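Notes follow once the structure below has been shown.
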Amino acid sequence: MQDGLESRLLESVEQILTKYRLCNSCLGRQFALLGRDLSNYKRGEALKIYSTLIASELHELKHEERAVQLLKLIAIQGLFQPARETLHKWGIPIETSGFCYICEGFMDKLEYFRDLILQQVQDWEFSTFLMGSQIPENIIDREDTLRAELNLKYGESIKGDINREIGKLLQTEELQVDFDAPDIVIILNPVTQTVDVQVNPLLILGRYRKLERGISQTRWICWKCEGKGCDECKGKGLRFEYSVEGFIADPILKAAAGTGYKFHGAGREDIDARMLGTGRPFIVEIKEPRKRKLDLNALETEINTLATEKVEVSDLSWSNRGTVRNIKAFSQINEKTYRLLVEPQTPVDNEKLKEADEVLSGATIQQRTPRRVMHRRADKLRIKTVYDFTSIPKEDNKLEIIVRCQGGCYVKELVTGDEGRTRPSLSELINTEITVIELDVLNVQS
Ligand SMILES: [Zn+2]
Ligand SMILES: [Zn+2]
């Protein structure tokens, strides 16, 4: 044993309490890095118990002056009942008043805060949470000053302390702490005794097929009333009654009792194009959902019943924020297959058509933003790869075209050339203007 080292902790406690009145948690927090699997409350309580026992033994050994001095410190500055009781037994009654210098008593109200929080979150269904707190600057300053003044090196922040301890009180088998993607974030201000709840969105992944032309992927707000509802839109506030996102997200929004939604598609097809094959991946994001335990199979059936022969969803599953980012990024690189029905202005020689197919299969094309989307997209040059291009002559001089190409490629323009803004194009290669009659997305790789 090294002389004096063992008593350093007691010296430190005496030094702290001589200057500052501290509750168990706030004293224990100054030694948070010592010992594991302990709360700061227990650390503080243990130090006060230990000091009380030392004082009691000093009293037995007739070092009364020192015994009383130490015990008074623990009773008054440590706000410690067993020390008060011991002094009382020695015939020294002590009146104590006042609060902890750092927290002014709120660290002793953790159970009260837990109940307050449970009351505030009762309207929401959630199974994971993250505990946060707002601690006024002056409280943090007081603790920083105390540590600097007494050169204390084992402390942790009061924020980390209260978050962890209330988190432990809230945690049950059905309710777990999640640091990465919690259902809700609880922010407690222990001074004003107020609770803020941030409800994170609910994310549902799926695939949709669009079986009918003329349905926009996104909802178009009525231009005349800006969504309020007018004669033009028959009170619906929408330019078109139907949209893919409306068909899919409305029933989910209702079931989750949220405040709104966002629809993230892995790219989009034109309003006049069908989306066939195995469908296009999407994620519906429900904001501030009150319900999270949804029956996805039942939802799928409900959506498909309401949208019969127009839109169809499949593979509904729970998703996360990372997938939302991926679905957007991926839609620019993943492969898509399209079918077009087109009409060249002049009859085309089969041999010439074959040559054009060969040039376009495997071609790297340069594509400026199409004129038809210029009003909502910046004009820029895209370089895209066409993997396969096959033209099949049909009756009345029409052509059916099957194109497999990189995501983000504008296929209508690959055929029409868009007045030279897409090069090469089928129109350029067979030297005639072409009208696109129909467009279907046959497959979206995922
Ligand atoms: Zn305190
Ligand atoms: Zn309107």
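The values are calculated or read from the model by the stated rules, or taken from the named source; none is laboratory data. Since the structure is predicted, the reported quantities are computational estimates derived from the model, not experimental observations. As a convention, Cβ positions derive from the backbone with ideal geometry for all residues, glycine included, and neighbour counts pool all protein chains shown. Side chains are part of the model used for accessible areas, which takes the heavy atoms of the whole protein and leaves out ligands, DNA and RNA. Shrake-Rupley method; radii C 1.70, N 1.55, O 1.52, S 1.80 Å.
Ligands, DNA and RNA left out, the 1.4 Å accessible surface of the chain is 48% carbon and sulfur atoms. Post the alpha-carbon centroid distance, segment 374-446 to segment 32-79, in whole angstrom. So the two Cα centres are separated by 83 Å.
Between helix 158-170 and the chain there is an angle of about 80 degrees, using the helix long axis and the longest principal axis of the Cα atoms.
GNM on the chain, alpha-carbon springs under 10 angstrom: the most fluctuating residue among Val191, Val403, Val177 is Val191.
Anisotropy class assigned to segment 214-269 is oblate, per the alpha carbon gyration tensor with a/c at or over the 1.5 cut-off and a/b no larger than b/c.
Annotation: amide H of Arg239 within the under-5 Å range of Trp220, Ile221, Cys222, sequence separation 5 or more or interchain, hydrogens built in the peptide plane. Assuming a viscosity of 1.002 mPa s and a temperature of 20 °C, what translational diffusion coefficient in µm² per second does Stokes-Einstein assign to segment 202-330, Rh being the Kirkwood radius over Cα pairs? So the translational diffusion coefficient is about 143 µm²/s.
Counting only heavy atoms of the protein chains and using a 1.4 Å probe, Trp124 has close to 60 Å² of accessible surface. Working note: Karplus 6.51/-1.76/1.60 with θ = phi - 60° gives segment 198-209 the couplings 9, 9, 6, x, 9, 10, 10, 9, x, 10, 10, 10 Hz, where Gly and Pro are set to x. What percentage of all Cα-Cα pairs in segment 276-341 are separated by more than 19 Å? Pairs farther apart than 19 Å: 48 percent.
Largest first and in whole Å, the equivalent-ellipsoid semi-axes of segment 335-444 read 21, 15, 13, each the square root of five times a Cα gyration tensor eigenvalue.
Working note: Karplus 6.51/-1.76/1.60 with θ = phi - 60° gives segment 92-98 the couplings 10, x, 10, 9, 10, 8, x Hz, where Gly and Pro are set to x.
In this structure Glu104 has an accessible area near 100 Å², from a 1.4 Å probe over the protein heavy atoms.
Shown here: segment 67-117, whose C-alpha atoms stretch 44, 19, 15 Å along the first, second and third principal axes, sorted largest to smallest.
Shape summary of segment 1-157, radius of gyration then Dmax from alpha carbon positions: 18.0, 62 Å. Taking the C-alpha atoms only, the angle from helix 40-60 to the longest principal axis of the chain is near 10 degrees. Here Lys398 is the anchor, and the lysines within straight C-alpha reach of less than 28 Å, apart from those fewer than 8 places off in the same chain, are Lys210, Lys310, Lys336, Lys352, Lys354, Lys384, Lys412. Couplings 3J(HN,Hα) for segment 345-361, derived from phi with the Karplus relation 6.51 cos²θ - 1.76 cosθ + 1.60 (θ = phi - 60°), are 5, 10, x, 10, 6, 4, 5, 5, 5, 4, 4, 4, 4, 5, 5, 6, 6 Hz, where x marks Gly and Pro. Classify segment 245-291 as rounded, prolate or oblate from the Cα gyration tensor: take a ≥ b ≥ c as the square roots of its eigenvalues, call it rounded if a/c is under 1.5, otherwise prolate when a/b beats b/c and oblate if not. It comes out prolate by the Cα gyration axes. In the context of the full set of protein chains, segment 1-95 has a per residue accessible area of 58 Å² (1.4 Å probe). Computed over the alpha-carbon pairs of segment 106-198, the distance histogram in 10 Å steps reads 15, 47, 26, 11, 1 percent, short to long.
For the chain, the residue among Leu353, Leu299, Gly160 whose Cα projects farthest onto the positive side of the dipole built from Cβ charges is Leu353. Is the shape of segment 142-245 rounded, prolate or oblate, going by the alpha carbon gyration tensor and its root eigenvalues a ≥ b ≥ c, with a/c under 1.5 for rounded and a/b larger than b/c for prolate? Taking the square roots of the gyration eigenvalues as a ≥ b ≥ c, segment 142-245 is prolate. Dimensions of segment 313-370 from C-alpha coordinates, computed as largest minus smallest value along each principal axis and given longest first, are 52, 27, 21 Å.
Between amide H atoms placed 1.01 Å from N, distances below 5 Å from Ala273 occur with Gly214, all of them 5 or more places distant or on a separate chain. Taking max minus min of the alpha-carbon positions on each principal axis, the chain gives extents of 119, 52, 36 Å, largest first. Ligands, DNA and RNA excluded, the heavy atoms of Ser427 present near 20 Å² of accessible surface to a 1.4 Å solvent probe.
Between helix 296-306 and the chain there is an angle of about 40 degrees, using the helix long axis and the longest principal axis of the Cα atoms.
For segment 7-89, a Kirkwood radius taken over Cα pairs fed into Stokes-Einstein (37 °C, viscosity 0.692 mPa s) yields D = 260 µm²/s.
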